[in-house]
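To start, the structure itself, in structure tokens.
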Amino acid sequence: MFTRVCKEDTVFEGEMRLVIADSHVIVLAWAFGGEIKAFQGVCPHTNAPLDTADFDGEVLTCPLHNWTWDLRTGDPIHPQESRLAEYPVKIEDGVVYIDTDGVAPFFAER
């Protein structure tokens with residue numbers, strides 16, 4: 001089931017924001033040259049929210065230990081340890097919706 005999270009015009013190319021959908025903390029990001037995507041909004045290493053993470057338009061960097069991910073795919077860059085879980089996104093009539101059913105954040109083995 002898709003949950004309304006924000007208006008499309010509040011998400012800008014090259015930027016990201018944190019949203020909540022069905023108690024899931026989610027990074028909503030629009031990578032340069034891509035489309036709006038949704039990934040888990042907590043670090044797989046520390047479970048810390050990524051609300052203060054740096055996003056350069058392609059790469060998300062966790063502020064605690066500098067882990068990085070490609071937000072076009074959710075794949076890890078450094079270290080190659082844990083990808084970010086991706087949530088289905090749909091946009092209808094200028095509104096962004098995210099489906100959390102069956103999606104759970106990934107966590108790195110410690």
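Side notes on the structure shown:
- Candidate set: region 57-67, residues that are in a loop (DSSP other than H, G, I, E, B) and at negative phi; chosen: the one surrounded by the fewest Cβ atoms within 10 Å (Cβ to Cβ): H65
- A count restricted to region 68-85 and to residues that are within 14 Å of the chain's Cα centre (by Cα) and more than 17 Å from V11 (Cα to Cα) stands at 11.
- Here the condition is being acidic (D, E), surrounded by fewer than 17 Cβ atoms within 10 Å (Cβ to Cβ) and touching a Ser or Thr at 6+ places or on another chain (Cβ under 6 Å); of D70, D54, it holds for D54 alone.
- Going through (1) touching an Asp or Glu at 6+ places or on another chain (Cβ under 6 Å); (2) exposed (fewer than 15 other Cβ atoms within 10 Å of the Cβ) one by one, A31 falls short only on (2).
- Every residue from region 82-110 that is over 17 Å from W67 (Cβ atoms), of a type in the set (A, V, I, L, M, F, W, C) and crowded, with 17+ Cβ neighbours inside 10 Å: V89, V96, I98, V103
- Residue in region 9-17 that is touching a residue at least 24 places away in the same chain (Cβ under 8 Å), within 20 Å of G102 (Cα to Cα) and not in a loop (DSSP other than H, G, I, E, B) present: no
- Checking each residue in region 68-110 for being of a type in the set (D, E), in contact with a Phe, Trp or Tyr (Cβ under 7 Å, 6 or more places away or on another chain), free of Cβ contacts under 8 Å to residues at least 60 places away in the same chain and not in a loop (DSSP other than H, G, I, E, B) picks out only E86.
- Boolean, N47 is polar (S, T, N, Q), in contact (Cβ under 8 Å) with a residue 60 or more places away in the chain and in a loop (DSSP other than H, G, I, E, B): yes
Read-outs: derived from the displayed coordinates by stated rules, not from any lab. Predicted model, so just to flag it, every value in this text is computed and none were measured. Heads up, the Cβs are rebuilt from the backbone with ideal geometry, glycines too, and the neighbour counts pull from every protein chain shown.
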